[in-house]
1. Checking the structure you have, find out if any residue of region 54-64 is farther than 18 Å from Leu31 by Cβ and modelled with pLDDT under 90.
2. Identify all residues within region 119-165 that are part of a loop (DSSP other than H, G, I, E, B), among the polar types (S, T, N, Q) and at pLDDT below 75; write none if there are none.
3. Limited to region 1-34, what total is found for residues that are at pLDDT 90 or above, over 11 Å from Ser72 (Cβ atoms) and surrounded by 11 or more Cβ atoms within 10 Å (Cβ to Cβ)?
4. Between Leu54, Leu60, Leu49, which is closer than 21 Å to Val150 by Cβ and among the hydrophobic types (A, V, I, L, M, F, W, C)?
5. Do any residues in region 9-33 that are of a type outside the set (A, V, I, L, M, F, W, C) have Cβ atoms under 6 Å from those of residues that are crowded, with 18+ Cβ neighbours inside 10 Å and at pLDDT 95 or above, where the two are at least six apart or on different chains, and which pairs are they?
6. For region 61-76, indicate whether the set of residues that are in contact with a strand residue (DSSP E or B) (Cβ under 9 Å, 6 or more places away or on another chain), surrounded by 11 or more Cβ atoms within 10 Å (Cβ to Cβ) and on the phi > 0 side of the Ramachandran plot is non-empty.
Amino acid sequence: MTDLLIRKARPSDVAAMLELINGYARTGLMLPRTEFEMCENIRDFSVALRGGQLAGCGALHFYTPKMAEVRSLAVSQHVKSAGVGRRLVESLVEEARQYGLDVVFAFTYVAQFFQKCGFQPVDRGSLPLKAWKDCIRCPRFNSCDEVPVVHLISEEARARENGVENGLIHLSSYISHGPEVEDEPVPVPTPASTGFQGR
C-alpha cells in the first residue's frame, strides 16, 4: 500500500482513534479506552493514514526498561487485508528496537497474524506484569482466551529464552537493564512470586 503513512500519533488524532478502538470494544474484541487514557498515553501511539484519513492505530507501551507491549492495535474495516496492521506492527517493533528493548509482547485473538510479524506463542505465566496492570479490569479476566505472543528482539533475549516446549516459548525469569549493568539482572515476577493464577 504505497499511499500509507505511518507516524507518531498527535492529540488531533485522538477522536478518530477513540472511534476506531471503541468500535472494536463494543464487540468485545478490545478493551474500551477513554479520551483521558488516550491523551495520557498519546506518546505510545502510532497511526496509519491513508488519503489523510485514519486507517489504523497501535501503541508500544513500556513495562520494564527492556520489555514493552503492542496494544490497542486496530485497523479500519475498509482497509482490512491491505497490510495496514502489519505495517503498524513492523513500525512499533522497529521503535522498540531503537529503544534497545529485548522483548515485545501482545495478547491477541489473531495469533497467526502476529506470527507472520515475527512473534511466537509464549507461556502465559511468563507475562504477569501485563495481567496485574491492565487485565484485572477486563471482564474476561478469569476466562481469558487471548493468546500471549512475544517477539524476541535482541540477541541477548534470544540467547536467554529457555527454548520451546509444546509449541510455547518459556521466557527466562529476568531481562537485563543492558551492558552497563550486565551482571545485575532485573527479576521479572513469576506466578509463584505474585500469586498469579491466570488472566
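The values are calculated or read from the model by the stated rules, or taken from the named source; none is laboratory data. Remember, predicted model here, so these are calculated numbers, not experimental data. Ideal geometry is used to build each Cβ from the backbone, glycine not excepted, and the neighbour counts take in all protein chains shown.
1. Checking region 54-64: at least one residue is farther than 18 Å from Leu31 by Cβ and modelled with pLDDT under 90.
2. In the first step, residues of region 119-165 are kept if they are part of a loop (DSSP other than H, G, I, E, B); the result is 119, 123, 127, 134, 138-140, 144-146, 153-154, 161-163.
Of the ones still in play, those that are also among the polar types (S, T, N, Q) are 154, 162.
Correct list: Asn162 only.
3. Of the residues in that region, 11 qualify.
4. Values: Leu54 fails: closer than 21 Å to Val150 by Cβ; Leu49 fails: closer than 21 Å to Val150 by Cβ.
Testing whether each residue is closer than 21 Å to Val150 by Cβ and among the hydrophobic types (A, V, I, L, M, F, W, C) leaves just Leu60.
5. Between residues of region 9-33 that are of a type outside the set (A, V, I, L, M, F, W, C) and residues that are crowded, with 18+ Cβ neighbours inside 10 Å and at pLDDT 95 or above, the close pairs are Asp13/Val47; Tyr24/Ala74; Arg33/Ile21.
6. To start, the set of residues in region 61-76 that are in contact with a strand residue (DSSP E or B) (Cβ under 9 Å, 6 or more places away or on another chain) comprises 61-76.
Filter again for surrounded by 11 or more Cβ atoms within 10 Å (Cβ to Cβ), leaving 61-76.
Now drop any that are not on the phi > 0 side of the Ramachandran plot, which leaves 72.
Checked against the condition, which is being in contact with a strand residue (DSSP E or B) (Cβ under 9 Å, 6 or more places away or on another chain), surrounded by 11 or more Cβ atoms within 10 Å (Cβ to Cβ) and on the phi > 0 side of the Ramachandran plot, region 61-76 yields at least one hit.
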